[in-house]
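Peer 1: Okay, here's the structure, questions in a sec.
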């Protein structure tokens, strides 16, 4: 079985977002502008790209 068979037609981004969606978000719902599952991939990409601000 190849990796592409295991993905079942889902994009890698969709799979990553599903994994991040399982992380609990302790923030107040009334003050959230963006879901945590959408912020985390940006933080990971910034870290990989060695961004510091």
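Peer 1: Looking at this structure, is residue 30 surrounded by fewer than 11 Cβ atoms within 10 Å (Cβ to Cβ) and modelled with pLDDT of 90 or more?
Peer 2: Yes; evaluated as a whole, the condition is true for this residue.
Peer 1: Same structure again: For the range 1-24, which residues satisfy the criterion of being at pLDDT 85 or above and either assigned to a loop (DSSP other than H, G, I, E, B) or in contact with a strand residue (DSSP E or B) (Cβ under 9 Å, 6 or more places away or on another chain) (or both)?
Peer 2: 11, 22, 23, 24 - these are the residues of the range 1-24 that are at pLDDT 85 or above and either assigned to a loop (DSSP other than H, G, I, E, B) or in contact with a strand residue (DSSP E or B) (Cβ under 9 Å, 6 or more places away or on another chain) (or both).
The values are calculated or read from the model by the stated rules, or taken from the named source; none is laboratory data. Not measured: the values here are computed from a predicted model. Every residue, glycine as well, gets a Cβ built from its backbone with ideal geometry; the counts of neighbours run over all protein chains shown.
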